[in-house]
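Engineer: Okay, handing you the structure first.
The values are calculated or read from the model by the stated rules, or taken from the named source; none is laboratory data. Since the model is a prediction, treat every value here as computed from it, not as a measurement. Here Cβ is always computed from backbone atoms with ideal geometry, including for glycine, and neighbour counts include all displayed protein chains.
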Amino acid sequence: MNRSLLILLLSVLVGCSEDHKNSSSVFFSGEIVNPTDNYVVLFKGDKLIDSVALDDDNRFAFRFDSIENGLYHFKHAPEYQNVYLNRGDSLFIRLNTVDFDESLVYSGKGEEINNFMMEVYLTKENEKKIINDFYRLEPKGFSRKIDSLQHLKLDLLNELNLDFPFTEKEMEIAKADIVYNYAKYKERYPFKHKKFSKTKNKIPDLDKSYYAYRNEITYDNKDLTYLRPYYEFMVNHFGNLSFMSCTEGCEIKDNMARNHLHFNKHKMKLIDSMVVEKDLKDNLFRNVAVDYLLKVHDTPENNRIFMEVFQALSSDNKHMAEIEDLYNGIKNIQPQNRIPEIEVTNFNGEKITLPNIAKNRKTVFYFWSGTNRKHLNNISNRVKQLEREEPNFDFVGINVKTGQDEWKSLVKTSGFDASSQFRSDNFEQLTKSLIVYPLNKCIITEDEQIVDAFGDIYKSFD
Ligand SMILES: [Zn+2]
């Protein structure tokens, strides 16, 4: 925590003369060393507020006549970080993309809350490993360790607040940033403990005092909805609540693993009955749907029932179009359907559709991206091995998200046969129709017909 204290002390010496208290405008500017993009984009929640280009000196500046006080985040692709803005603030950041989070320093009016939250963020990142070891402890010991980490940060916050009084809203957010982070670990504990304490292999009994922090939880605070620790807490909290209530109250009991549909329906009903704030509710529903549809690979009939419940409970969900696209995409690539009529480009720049590639042969489509070199290296080795072992199949690589020139040079350096490589200019259509997740997935077809659209290039041929 020393760095933030130092910065605070410096600002007392230098910064006091400037006072923008009477102004409602907000000035947020900065310098980015080693930029990875030409822009800085400012968001509030999932709403884009504004974007500005870097100038020749890699500096940017946002100026707003008036803006809602609260938590924002700025993105310099591919990274992003929080920034708390108050009317009257004049905030300057400096960061180096080589060490994005560690290098980020805020200065000027509004720096105290931002530097404090940044320090807390870095400390929390460092604690993740230690906390993994705590999961082995018994409930009382675990709680004590977590509580003491939490108290250290709350004490520091209170000390800072004496010297540099925070606004009520700043205090609320800085506190929630700490409290929900540690509450998240308590929600995870029963499952991690079961996994790590090999001797017992059961969920520990937890009394009411273990969950005492739950009395203070809010399900209705717009200012917290996009605070990451708060959202992560909610995801874990509803996972815990649904598991416990299904084990205790529902007839599926031990068959949880075999009844994903029941578990996820149950989870949506809990979210619906407890969460008040609309955006949080929408985001949590989306989380359940993506998790279930993308990872479970349930039967088409179960997926249909799931969607009926989703639509009944969350009919005005702001992510509805995305979830319906996902559902329809999955429905369209069930076995015996024709592989979607998507146009891709071959190495010579000629257009061809997937059914045409798959015609009259057995084909395995696999996927790779230029941004993930380790994956590319692994998959090119795997494909060469499979081409030897499975001569009845054609192995066809589909690139996602790499520019044409880079793609061509990667095809050559990876030792792929260029005639088996294709790419699409319309990544969105491609990923939506073929559900490219996870990256090791493959689609197996026989004469244009899908045999398995959710194969795994490492497991399907073992
Ligand atoms: Zn249940």
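Engineer: List the residue pairs whose Cβ atoms are under 9 Å apart, where the first residue sits in the stretch 128-144 and is free of Cβ contacts under 8 Å to residues at least 60 places away in the same chain, the second is among the aliphatic types (A, V, I, L, M), and the two are 6 or more positions apart or on different chains.
Structural biologist: Partner pairs satisfying both residue conditions: I130/L149; I131/I146; I131/L149; F134/I146; R144/L137.
Engineer: Looking at N392, is it of a type outside the set (V, I, T), in contact (Cβ under 8 Å) with a residue 12 or more places away in the chain and over 25 Å from I330 (Cβ atoms)?
Structural biologist: Considered against the rule, which asks whether it is of a type outside the set (V, I, T), in contact (Cβ under 8 Å) with a residue 12 or more places away in the chain and over 25 Å from I330 (Cβ atoms), N392 comes out as yes.
Engineer: Exactly one condition in (1) within 13 Å of the ligand (Cβ to nearest atom); (2) in contact (Cβ under 8 Å) with a residue 12 or more places away in the chain is not met by E251; state its number.
Structural biologist: Just one mismatch for E251, condition (2).
Engineer: Inside the stretch 281-299, can you point out the residues that are surrounded by fewer than 20 Cβ atoms within 10 Å (Cβ to Cβ) and in contact (Cβ under 8 Å) with a residue 40 or more places away in the chain?
Structural biologist: Within the stretch 281-299, N287, L294, H297 qualify.
Engineer: Looking for whichever is among the charged types (D, E, K, R) and more than 22 Å from Y106 (Cα to Cα) here; the options are K175, K186, K169. Which one fits? Spell out how you get there, then give the answer.
Structural biologist: On the way: K175 fails: more than 22 Å from Y106 (Cα to Cα); K169 fails: more than 22 Å from Y106 (Cα to Cα).
Exactly one of K175, K186, K169 is among the charged types (D, E, K, R) and more than 22 Å from Y106 (Cα to Cα), namely K186.
Engineer: Here's another thing I want to ask about it. Quick test for you: out of K169, K109, pick the one residue that is in contact with a strand residue (DSSP E or B) (Cβ under 7 Å, 6 or more places away or on another chain) and surrounded by fewer than 18 Cβ atoms within 10 Å (Cβ to Cβ). Write out each step before concluding.
Structural biologist: Numbers: K109 fails: surrounded by fewer than 18 Cβ atoms within 10 Å (Cβ to Cβ).
Going through K169, K109 in turn, just one is in contact with a strand residue (DSSP E or B) (Cβ under 7 Å, 6 or more places away or on another chain) and surrounded by fewer than 18 Cβ atoms within 10 Å (Cβ to Cβ): K169.
Engineer: I would also like to ask the following. If you check T363 against the conditions, is it within 26 Å of F393 (Cβ to Cβ), in contact with a Lys or Arg (Cβ under 7 Å, 6 or more places away or on another chain) and surrounded by 16 or more Cβ atoms within 10 Å (Cβ to Cβ)?
Structural biologist: For T363, the condition - within 26 Å of F393 (Cβ to Cβ), in contact with a Lys or Arg (Cβ under 7 Å, 6 or more places away or on another chain) and surrounded by 16 or more Cβ atoms within 10 Å (Cβ to Cβ) - is not met.
Engineer: Residues of the stretch 352-391 being polar (S, T, N, Q) and over 15 Å from I457 (Cβ atoms), which ones?
Structural biologist: T353, N356, N360, T371
Engineer: Pick out, from the stretch 300-384, the helices (runs of 4 or more DSSP H) lying fully within it that include 1 or more residues that are touching a residue at least 60 places away in the same chain (Cβ under 8 Å) and not assigned by TED's automatic domain parsing to the domain that holds K408.
Structural biologist: The helices (runs of 4 or more DSSP H) meeting that bar are 320-332.
Yes/no per residue for (1) away from the ligand (no atom under 16 Å from the Cβ); (2) surrounded by fewer than 19 Cβ atoms within 10 Å (Cβ to Cβ); (3) under 30 Å from Y80 (Cβ atoms):
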residue: S197; (1), (2), (3): yes, yes, no
residue: D223; (1), (2), (3): yes, yes, yes
residue: C246; (1), (2), (3): no, no, no
residue: E301; (1), (2), (3): yes, yes, no
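Engineer: Of the residues N236, N215, N287, only one is out of contact with any Phe, Trp or Tyr (no Cβ under 9 Å at 6 or more places or on another chain), more than 13 Å from the ligand (Cβ to nearest atom), within 30 Å of Y84 (Cβ to Cβ) and at pLDDT 95 or above; which? Show your work before the answer.
Structural biologist: Details: N236 fails: out of contact with any Phe, Trp or Tyr (no Cβ under 9 Å at 6 or more places or on another chain); N287 fails: out of contact with any Phe, Trp or Tyr (no Cβ under 9 Å at 6 or more places or on another chain).
Exactly one of N236, N215, N287 is out of contact with any Phe, Trp or Tyr (no Cβ under 9 Å at 6 or more places or on another chain), more than 13 Å from the ligand (Cβ to nearest atom), within 30 Å of Y84 (Cβ to Cβ) and at pLDDT 95 or above, namely N215.
Engineer: Further question: Among the numbered conditions (1) in a loop (DSSP other than H, G, I, E, B); (2) of a type in the set (S, T, Y); (3) over 30 Å from the mean Cα position of the chain (by Cα), tell me where Y458 comes up short.
Structural biologist: (3)
Engineer: From (1) surrounded by fewer than 14 Cβ atoms within 10 Å (Cβ to Cβ); (2) in contact (Cβ under 8 Å) with a residue 24 or more places away in the chain; (3) hydrophobic (A, V, I, L, M, F, W, C), pick out the condition that doesn't hold for L160.
Structural biologist: For L160, the exception is condition (1).
Engineer: Condition check: within 14 Å of the ligand (Cβ to nearest atom), over 17 Å from E187 (Cβ atoms) and in contact with a helix residue (DSSP H, G or I) (Cβ under 7 Å, 6 or more places away or on another chain). Does N259 satisfy that?
Structural biologist: When the stated conditions are applied, N259 does not pass them.
Engineer: All but one of (1) surrounded by fewer than 17 Cβ atoms within 10 Å (Cβ to Cβ); (2) more than 16 Å from the ligand (Cβ to nearest atom); (3) closer than 16 Å to N236 by Cα hold for V275; which doesn't?
Structural biologist: Checking V275 against (1) surrounded by fewer than 17 Cβ atoms within 10 Å (Cβ to Cβ); (2) more than 16 Å from the ligand (Cβ to nearest atom); (3) closer than 16 Å to N236 by Cα, the one that fails is (1).
Engineer: Examine the stretch 44-56 for a residue that is under 20 Å from S23 (Cβ atoms), modelled with pLDDT of 95 or more, part of a strand (DSSP E or B) and over 27 Å from the mean Cα position of the chain (by Cα), and state whether such a residue exists.
Structural biologist: No, because not a single residue in the stretch 44-56 is under 20 Å from S23 (Cβ atoms), modelled with pLDDT of 95 or more, part of a strand (DSSP E or B) and over 27 Å from the mean Cα position of the chain (by Cα).
Engineer: G415 - would you say it is assigned to a strand (DSSP E or B), small (G, A, S) and out of contact with any Gly (no Cβ under 8 Å at 6 or more places or on another chain)?
Structural biologist: no
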